[in-house]
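Data block below; observations after.
We did not get these values from a lab; they are worked out from the coordinates using the rules stated. Here the structure is a predicted model, which is why all the values come from computation and not from measurement. Here the Cβ positions follow ideal geometry from the backbone for every residue, glycine too, while neighbour counts run over all protein chains shown.
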């Protein structure tokens with residue numbers, strides 16, 4: 001855009017690193033989730049039982065995942 005003989009160049013911020021981070025994180029998260037489901041089903045199959053997760057185990061898993069996310073967030077801090 002040119003106003004009064006001055007050319008103004010608007011630059012877009014480089015957000016490619018954000019997109020790349022989201023894609024890599026999404027793929028890794030999906031792979032880890034599928035791997036965990038495979039291991040759980042394989043263990044239940046070996047025991048000859050059906051997979052069942054109790055509410056207590058679900059809460060334990062949720063707390064564990066919250067701690068993992070908190071640890072990941074603290075990676076960027078000094």
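Between 0 and 90 degrees, the angle of helix 55-73 with respect to the longest Cα principal axis of the chain falls at about 30 degrees.
Compared with the dominant principal axis of the Cα atoms in the chain, helix 16-47 is inclined by about 0°.
Based on DSSP H runs of at least 4 residues, each adding -39500 (n - 2.57), what is the mean residue ellipticity at 222 nm of the chain after dividing by all its residues, to the nearest 500 deg cm²/dmol?
Details: 2 runs with 51 residues, N = 78.
For the chain, the value works out to -23000 deg cm²/dmol.
According to a simple spin-label model (label point 7 Å from Cα along Cα-to-Cβ), what is the distance in nm between residue 7 and residue 49? Placing both labels 7 Å beyond Cα along the Cβ direction yields 7.3 nm. Does anything in the range 53-78 have its amide N under 19 Å from the 7 Å Cα→Cβ label point of residue 41, and if so which residues? Flagged as within label range: 53-54. When the alpha carbon gyration tensor of the chain is reduced to an equivalent ellipsoid, its three semi-axes come out at 48, 16, 10 angstrom, largest first.
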